[in-house]
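Colleague: The structure is given below, and queries will be raised subsequently.
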Amino acid sequence: MTRPPTTAQRRVINAADPLTGRLRGTDAQLAALVKRGLAFRHPRPPHEHFLTPAGHRVRETPAEEPVEAPAPAESGVFAARVGGEESAESTPARLREVHGAWQGLLELRRMTNPGGARDRPCAWERAHLVRAAALALEAAGHRPATGDGDGYRVRATPQPEAVAVHQPDVGALRACAATLEEAGWQVSEHTEPRGRTRYVLASPRRA
């Protein structure tokens, strides 16, 4: 168990944006929260500070109860659910993480795409195809598969700049395709030669 935040630190945490977890405070306060794993500093200008999952737990825990704050995840990188994970529970904390990651990705598009275009994938997404497509699906509310259960599964393919999206329910599969198309991906529906299973092939649109 770790030492609970100071009164001043808790005030900063409690005043964070309820959806994104964006923080406001002095440089010293924010640096202290980062050091304790309760906040992180966005790597791109204007270098805003946001609550980590441990920071969100602090805000949701009564002040008199000590809070266990694990070390920040390696590199602080958010991992979208690609399908097949043991658990896919949509807790409030998870929904906040997904929303924040998607908004951050849209901002990355604005900052790195020619003309600040937010309607098509950026270079980071083309370099992380599976994670990028999975984030678009999870942020839109599609349910990832757990274990052998139903839900979407995003998988790499031998084709350059293309991922396959599998979903047993054809209607849900087409809804996934519509979400990816709206997020700036080119999509096409195909049938596997064996088993006649339908799947979607998606690749980032460049223009």
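The values are calculated or read from the model by the stated rules, or taken from the named source; none is laboratory data. Remember, it's a predicted structure, so these values are computed and weren't measured experimentally. No Cβ is skipped: glycine too gets one built from the backbone with ideal geometry, and neighbour counts run over all protein chains shown. Areas reflect the complete protein model, heavy atoms only, side chains present, ligands, DNA and RNA absent. Shrake-Rupley method; radii C 1.70, N 1.55, O 1.52, S 1.80 Å.
Colleague: Filter the stretch 179-206 down to residues that are in a loop (DSSP other than H, G, I, E, B) and more than 23 Å from the chain's Cα centre (by Cα) and give me whichever is nearest to residue 169 (Cα to Cα).
Modeller: 197
Colleague: Does residue 109 meet the test of being part of a loop (DSSP other than H, G, I, E, B) and either open to solvent by 70 Å² or more (accessible area, probe 1.4 Å) or touching a helix residue (DSSP H, G or I) at 6+ places or on another chain (Cβ under 9 Å) (or both)?
Modeller: So residue 109 fails the test.
Colleague: Before we move on, is residue 34 among the β-branched types (Val, Ile, Thr), more than 17 Å from the chain's Cα centre (by Cα), closer than 20 Å to residue 5 by Cα and modelled with pLDDT of 80 or more?
Modeller: Yes.
Colleague: While we're here: What's the total number of residues in the stretch 23-34 that are out of contact with any Leu (no Cβ under 8 Å at 6 or more places or on another chain), part of a helix (DSSP H, G or I) and closer than 21 Å to residue 97 by Cβ?
Modeller: Here the count works out to 1.
Colleague: Given the condition surrounded by 15 or more Cβ atoms within 10 Å (Cβ to Cβ) and modelled with pLDDT under 95, answer yes or no: does some residue in the stretch 186-198 qualify?
Modeller: Looking through the stretch 186-198, at least one residue is surrounded by 15 or more Cβ atoms within 10 Å (Cβ to Cβ) and modelled with pLDDT under 95.
Colleague: Looking at 134, 175, 140, which is the one that is more than 23 Å from residue 50 (Cβ to Cβ) and modelled with pLDDT of 90 or more?
Modeller: On the way: 134 fails: more than 23 Å from residue 50 (Cβ to Cβ); 140 fails: more than 23 Å from residue 50 (Cβ to Cβ).
Exactly one of 134, 175, 140 is more than 23 Å from residue 50 (Cβ to Cβ) and modelled with pLDDT of 90 or more, namely 175.
Colleague: Quick check: is even one residue across the stretch 143-152 under 24 Å from residue 104 (Cβ atoms), free of Cβ contacts under 8 Å to residues at least 60 places away in the same chain and crowded, with 16+ Cβ neighbours inside 10 Å?
Modeller: Yes: one or more hits.
Colleague: Let me ask another. Could you tell me whether residue 155 is within 30 Å of residue 51 (Cα to Cα) and modelled with pLDDT of 90 or more?
Modeller: Values: within 30 Å of residue 51 (Cα to Cα): no; modelled with pLDDT of 90 or more: yes.
No: the conditions fail for residue 155.
Colleague: Under the condition of being open to solvent by 80 Å² or more (accessible area, probe 1.4 Å) and closer than 27 Å to residue 90 by Cβ, which residue from the stretch 44-66 is modelled with the highest pLDDT?
Modeller: 57
Colleague: Anything in the stretch 11-21 that is closer than 18 Å to residue 102 by Cβ, in contact (Cβ under 8 Å) with a residue 24 or more places away in the chain and surrounded by fewer than 16 Cβ atoms within 10 Å (Cβ to Cβ)? List them, or say none.
Modeller: 19, 20
Colleague: While we're looking at this one, here's another question. All but one of (1) touching a Ser or Thr at 6+ places or on another chain (Cβ under 9 Å); (2) open to solvent by 20 Å² or more (accessible area, probe 1.4 Å); (3) under 24 Å from residue 14 (Cα atoms); (4) at pLDDT 90 or above hold for residue 129, so report the exception by its number.
Modeller: Every condition holds for residue 129 apart from (3).
Colleague: Only one of 89, 97 is open to solvent by 30 Å² or more (accessible area, probe 1.4 Å) and either among the polar types (S, T, N, Q) or farther than 15 Å from residue 50 by Cβ (or both); which?
Modeller: Matching residue, one of 89, 97: 89.
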